[in-house]
Amino acid sequence: MEYLVAVITALKNNAQHPVIIALDGRSGVGKSTLAKKVAEEVGGVVVTADNFWAGGENELWDNRSPEERVQLGIDWKRLAKEVLIPLRNGEAVSYRPFDFQTNKGLSDTPITIAPHRVIVLDGAYSARPELTKLVDLSVLVQSSDDTVRRTNLVNREGATYMDDWHRRWDPAEDYYFSHIRPESSFDLVVVCY
């Protein structure tokens, strides 16, 4: 983490605008934990890509190909327009996250973020090619062992939920990290233990 913080600090000190760091990686590798720690160290703010989930019932997603799931997983256009572009311009933002309690659309409670010099974008698909012009540093966060990643997910969500999750999302993540954003396409790779 020290090296990542040093790289971000150098970017922040040399950029004429707020910098956006995308922490991308498979579910359960530790992106959110790392994002919080990094933001604290560099005086930044975390934006969670999951707040821009495109929604939809599981049955709908089950009928989609892995490529379609990746394309529709997050509403990257709304993320860019409502959050990343204004924050990069030094403006405060307010947006409505997806409501995971009802699973029916956007929450009535907005999230407001003041301007910061560092914006840490946390989440799978956060380094999408469509966001490349806005992201100053793309970081692939990996787990030292896939067993650790899967254990983290079970501990967080429960075994029954994770069985469905892996069946639904592992093929999408496999597709994304092999065809859209392979390891070699990232600026930096960080391994969480």
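In the range 108-125, of all residues being closer than 15 Å to ALA49 by Cα and of a type in the set (Gly, Ala, Ser), the one that is modelled with the lowest pLDDT corresponds to ALA124. If you check ARG69 against the conditions, is it basic (Lys, Arg) and touching a Leu at 6+ places or on another chain (Cβ under 8 Å)? Considered against the rule, which asks whether it is basic (Lys, Arg) and touching a Leu at 6+ places or on another chain (Cβ under 8 Å), ARG69 comes out as no.
Looking at the range 10-35, which of its residues are in contact (Cβ under 8 Å) with a residue 40 or more places away in the chain, in a helix (DSSP H, G or I) and surrounded by fewer than 17 Cβ atoms within 10 Å (Cβ to Cβ)?
Step one: list which residues in the range 10-35 are in contact (Cβ under 8 Å) with a residue 40 or more places away in the chain, which gives 11-12, 15, 17-35.
Subset that is in a helix (DSSP H, G or I): 11-12, 31-35.
Correct list: THR33 only.
Evaluated against (1) in contact with a helix residue (DSSP H, G or I) (Cβ under 8 Å, 6 or more places away or on another chain); (2) exposed (fewer than 14 other Cβ atoms within 10 Å of the Cβ), GLY123 falls short on exactly one condition, (2). Scanning the range 101-116 for residues that are touching a helix residue (DSSP H, G or I) at 6+ places or on another chain (Cβ under 8 Å) and either in a loop (DSSP other than H, G, I, E, B) or surrounded by 15 or more Cβ atoms within 10 Å (Cβ to Cβ) (or both) yields ILE113, PRO115, HIS116. Here LEU60 fits the description: on the phi < 0 side of the Ramachandran plot, free of Cβ contacts under 8 Å to residues at least 40 places away in the same chain and either surrounded by fewer than 17 Cβ atoms within 10 Å (Cβ to Cβ) or part of a strand (DSSP E or B) (or both). Restricted to the range 152-193, and to residues there that are β-branched (Val, Ile, Thr) and loosely packed, with under 14 Cβ neighbours inside 10 Å, the residue that is nearest to LYS36 (Cα to Cα) is VAL191.
The values are calculated or read from the model by the stated rules, or taken from the named source; none is laboratory data. These numbers come from a predicted model, not from an experiment. Every residue, glycine among them, receives a Cβ derived from its backbone with ideal geometry; neighbour counts consider all protein chains shown.
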